[in-house]
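What follows is calculated from the coordinates using simple rules that are stated; it is not laboratory data. Values in this document were obtained by computation on a predicted structure and should not be read as measured data. Heads up, the Cβs are rebuilt from the backbone with ideal geometry, glycines too, and the neighbour counts pull from every protein chain shown.
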Amino acid sequence: MCLRVHTIRRIPAHTSILSSYIQAARRLSKQSQHRLNPAVHSPPSKRQAYHTGYHSAKPVQKRSGGGLFTTAVLLGIAIGGVLFYPLIGNKRNITEEIEKTRSKKAIDYSGFPDSYLVMASNMPAGRPGTLTPEQETKLRELWAATMKVFGVYEPATLEINGTETPLNTPSEMSETSSTTTATGGKEKKKSRLNVFKRHKDKGGKEDSSNPPSGSATPSDLSSLSLADEDDKYGQNKDFKAALENISPEDLRKTFWSMVKHDHPDGLLLRFLRARKWDVDKALIMMISTMHWRAVDMHVDDDIIRRGELAALEDSKSDDPKVKREGEDFLAQMRMGKSYLHGLDKEGRPICTVRVRLHKQGEQTESSLERFTVYTIETARMLLRPPVDTATIIFDMTNFSMANMDYTPVKFMIRCFEANYPESLGTVLVYKAPWVFNAIWNIIRGWLDPVVAGKVHFTKNVEELEVFVARSQIPAELGGDEKWEYQYVEPDSNENALMEDEVKREVLQTARREMVQKYESGVLDWVHKGENDDKSLEERREERDIIADDLRQNYWKLDPYLRARSLYDRVGIIGEGGRLNFYPVKSTPAPEVTQETSADDLD
C-alpha cells in the first residue's frame, strides 16, 4: 500500500494573507489524481476504526464535495486571520511591553519642573536643551523664516573695511567658510542657513524675479509648496491663503496666542520633528495651522475664550441653531463622552474616550469638532516639561456598530497629524470586540505610519496595566481607583475676571514687551549664526529666561483670556497653572460650608 502526502508550497511573503489562503485552497481543491479518503469499517465490537487507504480516483467533470469543503474551511481561516491579525500581531508587542514595564510604578507628578530654567533629567531628544548642533541650525533657520512671515525680519549689517554692508539673507548665505570682496577685504564666516533659496530656471540660472538681499516679500514665501504626496490635508492651500489674506502682524499675534505657556522654541520644534527637520515643510505646516486656528476653528477667540459657560447660555437661546449647538456641546461634557483624568506610567495626561456613548447623528458635526478641539486645548494646559504629549484610551467596552462614526474619527486624526503635531504619546484601544478589527483596517489606512505605530490594543486590565498603574486605572476600566466621572456645572460668575479690561491690558502690555525681547534675541542669534561670539548654550539660556517670564505671564493672564473649565472647577488646574491630577474631593458638602446671612434667618 502506498501513501502519497501532498506538500504545501511556501506562500510568498509579499502576498496578502487573504489572497494567499485563497490560492492555497484552489491548489488543494484541484488535486484529483491522489487524495486521502477515510475508509470506515464497523467491527463486531461496534467501535469504529479509521484507516487511510490508497485510492486512484477517475477524473470527473463535477467538483467533489470534499474540495468545496476544503475551500470553504480555508477561506474561513483566511477571513478570520485578516480580522484577528491586528490583535495577534499586537499580542507579541504587549508581551514584550509587559516584561519591560512590570517594575514601573505610578509616576510622581509632583516632581515635574514648572520652569524652563530647570532642565529635567529625562528631557527627550529634539527639545530645548537637548538639541544637536545640526538641530540647532534647523531651529535657527525656521525662526528666520518665521520672522520673515511676521514682517519683523531685518537684514543684519556686516562691517567690511570700515563700512557697514547688509548681511545676506538666509537664502543667500553660502556654505563656504569665507569669501573675498572686490577690494580685497575678507568677510567673516557666513552661516549655513539655507531657507528661501533662489529658484533656478531649467538652464540653471537664478530667477531674476527674486528680490535683492534683505527684501524678501510674502510672494517669495508663497512660492514654497509641499509635494502632492506630502499635502494630505491641503496645507499648501491654507499656507497660501494665510499669506494672502492675513496680515503679517495678525499672523504674528496668532502665533503668540498659540504659544500660551509653552516654550516658543518648543512650539517650533514640534513642527520640525513632525516634518523630519525639513524647514520648508515645517514652516508650511505651522502657518497652515495658524490659518486653521484663526479662520476655520477660531480656537483662541471663541472656543477657549467662551468655553462651557457660553455653551450653557447658548443652550437657552431663542435662536434654534445657537440653542442646538450649545445643547450638543454640553451633552457631551455632561455624559463624559471623553474626559481628562490621571497619568500613565510615563507621566502623560490621559484622555479617556468612552466610545459607547457616541451615537451617529445625536450631535451636530460642528459641535463634535468644537468638543474635540476644546478637549485637546484643555489637555495642553496639563503638559509640563519633560512631558509634552498625552495618552488616549479608547474604551471600547460594549461597542457596537451603532457607535461607529467615521466623520469625527477623521477630524480627530487631522487634528493630531496636521494641527497638533507631536502631541500624541500613545493610543490604547481597550477591549475592542472582534467586529472592530475590520474597522481598524480601514482607519489604519488613514493614519500616518508614525501615528499608527503608537496604537496598542489592550484586551484586559492586565495589558492596560502595562501603560497605566493599576492604582490609577478607574474601577470602570477594571482598575483599583475608586473614581467616577461627574460633571460640575459652570458657575455664572466664574469668568468675572474676563470683564476686567484694564487689568488684562496691563498684563498684555507686559507680554508684548517680553515677546519683543524674545524676538530681538532670536534675530540677533539668526544674524550672527556661526560667527556668534556666544555659545549655543549661552543663547539658549538667554531665551529660556525670557520663555520662563512668558510662562509666568501667561498664567497671570489666563483667567482674563480663557473661560474656566470643568478641570478648573474640580481643582486639577489651580491658580497660577499649578496641577493636581488626583484632587481629593472637599468635605463637608458645599451646603454646609455656605455662610448664612441675616436675610436667610428671616
Bin width 10 Å, origin at 0, all Cα-Cα pairs of the stretch 291-367: what percent of pairs per bin?
16, 38, 36, 9, 1
Restricting to bridges with both residues inside the stretch 316-412, how much of the DSSP beta-bridge set is antiparallel, in percent to the nearest 5?
50 percent
Which of the three applies to the stretch 390-439, rounded, prolate or oblate, going by the alpha-carbon gyration tensor with a ≥ b ≥ c and a/c under 1.5 meaning rounded?
oblate
Working out 0.36 nm times the residue gap between ASP296 and LYS410, then minus their Cα-Cα distance, what length gain in nm do you get to one decimal?
39.4 nm
Peptides 333-346, 571-584 ordered by average Cβ neighbours within 10 Å, highest first:
333-346, 571-584
Just subtract the alpha-carbon distance of GLU134 and ARG444 from 0.36 nm times their residue separation and send over the number in nm, one decimal.
108.3 nm
Cα-based shape type of the stretch 234-293, given that a ≥ b ≥ c are square roots of the gyration tensor eigenvalues and the cut on a/c is 1.5:
oblate
Can you compute the label reach from ILE545? Point 7 Å from Cα along the Cβ direction, backbone N cut-off under 18 Å, restricted to the stretch 123-137.
129
Please give the contour-minus-distance gain from ASN122 to ALA510: 0.36 nm per residue of separation, less the Cα-Cα distance, rounded to one decimal in nm.
136.4 nm
With HIS298 itself left out, Lys, Arg at +1 and Asp, Glu at -1 over residues whose Cβ is under 15 Å from its Cβ give -4
Cut-off under 5 Å, modelled amide H: who pairs with LEU579 long-range
GLY574
Strictly over 19 Å apart at the Cα level, which of LYS148/LYS240; LYS260/LYS454; LYS240/LYS276; LYS253/LYS534; LYS359/LYS410; LYS281/LYS517 would you flag in this model?
LYS260/LYS454; LYS240/LYS276; LYS253/LYS534; LYS281/LYS517
